[in-house]
Amino acid sequence: MHLVAKSIEGTIMLADFRGLSKHFNGVLALDGFSLSIERGEIVGLFGPNGSGKTTFFNVVSGLLAADQGRAVIKGTPILRLKPFQIAQLGISRTFQNLRLIRQLTALENVMLCFSGQSGEELSNLFLRPRATRNHEEENRVRALELFERAGLREKANASVHSLSYGQQKLVSVLCCMAMDAELLLLDEPVAGIAPELKERMLSLIVTLPPEGTSVIIVEHNLDALAQVSGRLVFMNGGRNICDGLPTDVLQDPSVIEAYLE
């Protein structure tokens, strides 16, 4: 199935990462890595283990400090910002080790990700209880709409620990969507999940660009990347080796030599 989403018309630059470098005890994980992202596009990022993909995500999301380079989203430099400040600018991500609250329901996990909730202010619980309840109900409706989009409506009230691994991965993406992020960083979203859920995940991802959301997907499943990505970026040794249309990148000799053979 070919699912590639069309970028929105009149695209503009959303994020620009230039010359990012990161060392770990003398090992160069990022070596001048550069990548630009337009609003409303899906970029697939792939490469051998240890090529720097997750390090790039960690730097961009503020979990690691870059040694050198520049990272800008919507014109704002982010490398000196804390993770919550970067999230407020519109970057959200998933992790390979899912960071869901397993004691809560899937719905509650997603509802926690909405910003500006009235209940976050203790005074509202006493001074504006009706408005607070109404706002919570509005968020519940919004969250249920997200579950409908993911084909998980019947699992919304199930506890996270009772869900399959693939269903939990879908919930983690819904959490990112609930944050109204403009750039989603998805770390191996289809790895280790059943084929039916893989197709559901990919179908959900391609609904994002028409809404103005950009996505960078790190994934070893090249068939899945080619299905949804308008661009592929091959990364090796911490560098951007090849960047272009999926058909061109997958036929590049450097990709074939380093990754596909």
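The table below gives the values:
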quantity: Residues within region 41-62 that are more than 15 Å from F234 (Cα to Cα), outside any helix (DSSP H, G or I) and under 13 Å from the mean Cα position of the chain (by Cα), tallied; calculated: 2
quantity: Counted residues, region 138-166 - those being without any contact (Cβ under 8 Å) to a residue 40 or more places away in the chain and either within 30 Å of L14 (Cα to Cα) or touching a Cys at 6+ places or on another chain (Cβ under 8 Å) (or both); calculated: 11
quantity: Residue, farthest from C176 (Cα to Cα), within region 74-117, restricted to residues that are in contact (Cβ under 8 Å) with a residue 40 or more places away in the chain and among the small types (G, A, S); calculated: A106
quantity: Where M179 falls short, out of the listed (1) open to solvent by 30 Å² or more (accessible area, probe 1.4 Å); (2) at positive phi; (3) within 18 Å of the chain's Cα centre (by Cα); calculated: (2)
quantity: Subset of region 88-118 (residues that are more than 14 Å from L170 (Cα to Cα), among the hydrophobic types (A, V, I, L, M, F, W, C) and outside any loop (DSSP other than H, G, I, E, B)); calculated: L89, I91, M111
quantity: Of all residues in region 1-35 being among the hydrophobic types (A, V, I, L, M, F, W, C) and open to solvent by 60 Å² or more (accessible area, probe 1.4 Å), the one that is modelled with the lowest pLDDT; calculated: M1
quantity: Residues of region 223-241 satisfying the condition of being within 22 Å of M201 (Cα to Cα) and either open to solvent by 40 Å² or more (accessible area, probe 1.4 Å) or within 16 Å of the chain's Cα centre (by Cα) (or both); calculated: D223, A224, L225, V228, S229, G230, R231, L232, V233
quantity: Identity of the residue in region 40-81, at pLDDT below 95 and basic (K, R), that ends up surrounded by the fewest Cβ atoms within 10 Å (Cβ to Cβ); calculated: R80
quantity: Scope region 92-107; condition open to solvent by less than 40 Å² (accessible area, probe 1.4 Å), β-branched (V, I, T) and modelled with pLDDT under 95; matching residues; calculated: T94
quantity: Within region 201-229, tally of residues that are farther than 22 Å from A258 by Cα and either modelled with pLDDT of 95 or more or not charged (D, E, K, R) (or both); calculated: 15
quantity: Residues (in a helix (DSSP H, G or I) and touching a Cys at 6+ places or on another chain (Cβ under 6 Å)) located in region 220-253; calculated: V249
quantity: Positions within region 184-219 being of a type in the set (S, T, N, Q) and assigned to a helix (DSSP H, G or I), in sequence order; calculated: S203
quantity: Unique match (being at pLDDT 90 or above, in contact with a Gly (Cβ under 7 Å, 6 or more places away or on another chain), closer than 25 Å to I86 by Cα and not in a strand (DSSP E or B)) among A143, A181; calculated: A181
quantity: Which numbered condition E188 fails, given (1) open to solvent by 10 Å² or more (accessible area, probe 1.4 Å); (2) within 30 Å of I78 (Cα to Cα); (3) touching a Gly at 6+ places or on another chain (Cβ under 7 Å); calculated: (3)
quantity: Flag for T207 being open to solvent by 30 Å² or more (accessible area, probe 1.4 Å), of a type in the set (S, T, N, Q) and over 22 Å from R93 (Cα atoms); calculated: no
quantity: Test: H220 is surrounded by fewer than 21 Cβ atoms within 10 Å (Cβ to Cβ) and within 24 Å of L20 (Cβ to Cβ); calculated: yes
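The values are calculated or read from the model by the stated rules, or taken from the named source; none is laboratory data. The model shown is predicted, which means the values in this text are computed figures rather than measured ones. Note that each Cβ is placed from the backbone with ideal geometry, even for glycine, and that neighbours are counted across all protein chains shown. Calculation scope for accessible area: heavy atoms of the full protein, side chains included, ligands and nucleic acids excluded. Shrake-Rupley method; radii C 1.70, N 1.55, O 1.52, S 1.80 Å.
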